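Asks: Have a look at this one before I ask anything.
The values are calculated or read from the model by the stated rules, or taken from the named source; none is laboratory data. Everything numeric here is computed off the predicted structure, so don't read it as measured data. Positions of Cβ are backbone-derived with ideal geometry, glycine not excepted, and every protein chain shown enters the neighbour counts. All accessible areas refer to the heavy atoms of the entire protein, side chains included, with ligands and DNA or RNA removed. Shrake-Rupley method; radii C 1.70, N 1.55, O 1.52, S 1.80 Å.
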Amino acid sequence: MRFPRDLPTAGRLVVMSLRVRRFVCAEGSCPRKTFAEQVPGLRRRFGRRTERLRSTLVSVGLALAGRAGARMSDAFGTRVSRNTLLRLITSLPDPPTATPRVVGVDEYAHRKGRVYGTVLVDVETRRPVDLLPDREADTLAAWLSVRPGIEIICRDRAVFYAEGATRGAPQALQVADRWHLWHNMSEAAEKCVYRHHGCLRPAPAPPEESQPASEPPALSPWPTGHRFAERTRAKHATVHALLAAGHSKRSIARQLGMGFSTVLRYAHAAEPEQLFTGQWQSRPTKLDAFKPYLDQRWQEGCANAWKLWEEIKEQGYPDGYSSVRDYISRNLRGKPQPVGPRPPSPAP
């Protein structure tokens, strides 16, 4: 006996009572001794639902996905979980795809800087075709070899993609896509210009004009927008506002959840800048003597922190790599080299 569930009728759950035959194998070496009869079109092997109910749940899952699909199936009397709907969707076979005539080949990152794969796109329809687990030439060649209908390969200019395309599809024409052409050309032009920026003669200074004397702007040692600085400014303003309203210092400490000595420091400081105690002071470090060299190499186009550390280590820098990395990330990488006008867009 089999009891598969079917579509509900009049809001009531329907369970079919199905009697099937069980066959016994007379072959002694057969690992399976019995075979149950299957009814084609009604249910699947090991299935607890009829094909009608299964196809209905698949349609709901494709339209509404997990949680919303589970709520909808519960509304018409067939309660299933969101995971069940997702399993039904993932069990569907992949839709058939035609071999693209023009395929785009580029890399994508599983983990940026560490693990990369290959994405293949139908350039004419602009839809992804397949994902390869790596960016090796053998993997790409094997994928192309079983698709002889490819006529044009629009690829990244990496050597392994060139080798894989040549071996896998020798009949196809290989071209570089427009984005990589513009990107590589703009990088090459930028590096060339900045490598020879010292050859440019400075512009003549404009004639000085008499301007009325103005007060120099007050230089705050705290950076604008720094979260610690802004929080301290806000607390200073709150403490002085409460003092002006007549609250005592102990009352302010209770209201703001601060220590009494902290409230005294805020109350005695006329300006929040007086509370600066050295968090952002430029204290001397062992890297100071090598910072001009790092700045110069950065302007020359060397952006590899490990290589720069090895260079200054040969010059006598005693500390480790982390100080160089932090300096580059905080001062150089955050303030990139000046760039020229934006290059033309590769988009048509």
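Asks: Mind checking which residues of segment 1-29 are more than 48 Å from the chain's Cα centre (by Cα) and either surrounded by 10 or more Cβ atoms within 10 Å (Cβ to Cβ) or touching a residue at least 60 places away in the same chain (Cβ under 8 Å) (or both)?
Replies: Listed by number, the residues that qualify are Arg2, Met16, Leu18, Val20, Phe23, Cys25.
Asks: Within segment 84-94, is even one residue open to solvent by 30 Å² or more (accessible area, probe 1.4 Å), in contact (Cβ under 8 Å) with a residue 12 or more places away in the chain and part of a loop (DSSP other than H, G, I, E, B)? Don't jump to the end; show me each part of the working.
Replies: Of all residues in segment 84-94, those open to solvent by 30 Å² or more (accessible area, probe 1.4 Å) come to 86-87, 89-94.
When the remaining residues are screened for being in contact (Cβ under 8 Å) with a residue 12 or more places away in the chain, the result is 86, 89, 92.
Remaining after also requiring part of a loop (DSSP other than H, G, I, E, B): 92.
So far as segment 84-94 goes, yes, one or more of its residues are open to solvent by 30 Å² or more (accessible area, probe 1.4 Å), in contact (Cβ under 8 Å) with a residue 12 or more places away in the chain and part of a loop (DSSP other than H, G, I, E, B).
Asks: Which of the residues spanning segment 134-155 are assigned to a loop (DSSP other than H, G, I, E, B) and either surrounded by fewer than 19 Cβ atoms within 10 Å (Cβ to Cβ) or touching a Phe, Trp or Tyr at 6+ places or on another chain (Cβ under 6 Å) (or both)?
Replies: Asp134, Arg135, Glu136, Val146, Arg147, Pro148, Gly149, Glu151, listed by residue number.
Asks: While we're here: Considering each residue of segment 156-180, count those that are open to solvent by 40 Å² or more (accessible area, probe 1.4 Å), touching a helix residue (DSSP H, G or I) at 6+ places or on another chain (Cβ under 8 Å) and part of a loop (DSSP other than H, G, I, E, B), and give that number.
Replies: 1
Asks: Does Phe46 meet the test of being modelled with pLDDT of 85 or more and open to solvent by 70 Å² or more (accessible area, probe 1.4 Å)?
Replies: Numbers: modelled with pLDDT of 85 or more: no; open to solvent by 70 Å² or more (accessible area, probe 1.4 Å): yes.
Here the answer is no, as Phe46 does not meet what is asked.
Asks: Let me ask another. How about segment 95-133: which of its residues are of a type in the set (Val, Ile, Thr) and assigned to a strand (DSSP E or B)?
Replies: Within segment 95-133, the subset of a type in the set (Val, Ile, Thr) is 97, 99, 102-103, 105, 115, 118-119, 121, 123, 125, 129.
The answer is Val102, Val103, Val105, Val115, Thr118, Val119, Val121, Val129.
Asks: Only one of these conditions is not met by Leu62: (1) farther than 22 Å from Asp6 by Cβ; (2) hydrophobic (A, V, I, L, M, F, W, C); (3) open to solvent by 90 Å² or more (accessible area, probe 1.4 Å). Which number is it?
Replies: Here Leu62 meets the rest and fails (1).
Asks: Does any residue of segment 70-79 turn out to be among the aromatic types (Phe, Trp, Tyr), more than 30 Å from Ala158 (Cα to Cα) and over 47 Å from the mean Cα position of the chain (by Cα)? Explain how you work it out, then say what you get.
Replies: Let us first name the residues in segment 70-79 that are among the aromatic types (Phe, Trp, Tyr), namely 76.
Okay, now just the ones that are also more than 30 Å from Ala158 (Cα to Cα), so 76.
After this cut, where a residue has to be over 47 Å from the mean Cα position of the chain (by Cα) as well, the list is none.
No, segment 70-79 has no match at all.
Asks: Among (1) farther than 19 Å from Arg167 by Cα; (2) open to solvent by less than 70 Å² (accessible area, probe 1.4 Å); (3) touching a strand residue (DSSP E or B) at 6+ places or on another chain (Cβ under 6 Å), which single condition is Val115 missing?
Replies: (3)
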